[in-house]
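Worksheet: the structure to be examined is printed underneath.
FYI, it's all coordinate maths here, none of it is from the lab. Please read all numbers here as calculations on a predicted model, not as lab measurements. We place every Cβ from the backbone using ideal geometry, glycine too, and count neighbours over all the protein chains shown.
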Amino acid sequence: MGSFSIWHWLIVLLIVVLVFGTKKLKNIGQDLGGAVKGFKDGMKDGSQPETPVPPSSQVTASSSQPAADKATIDVEARNKS
């Protein structure tokens, strides 16, 4: 009663297929593969050095308002209840 033989694993596989069905197992496999691919892409993106973003053009104050007011966006924050 040491290790499992190939026949034990085939019986376990057959029971899993009967319980979940092939369509469900296929969807789980696709989801797992997509997650692994996304993880690998994320690891590649994290290892590449970031390129500096060139500064945007300066806003000139041609009107009576200061340049800081032109770039300010008025937003009202609300707490979720």
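Summary table
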item: Label point distance in nm, Ser3-Lys26, each placed 7 Å from Cα along Cα→Cβ; result: 3.4
item: Residues Lys80, Lys26 arranged by fewest to most Cβ contacts within 10 Å; result: Lys80, Lys26
item: Chain lengthening between Leu18 and Asn79 when straightened (0.36 nm per residue, less Cα-Cα); result: 17.1 nm
item: Neighbour-count order for Ile11, Ile6, fewest beta carbons within 10 angstrom listed first; result: Ile6, Ile11
item: Per-residue ³J(HN,Hα) for the stretch 10-23, Karplus 6.51 cos²θ - 1.76 cosθ + 1.60, θ = phi - 60°, Hz, x for Gly and Pro; result: 5, 5, 4, 4, 4, 5, 5, 5, 5, 6, 8, x, 5, 5
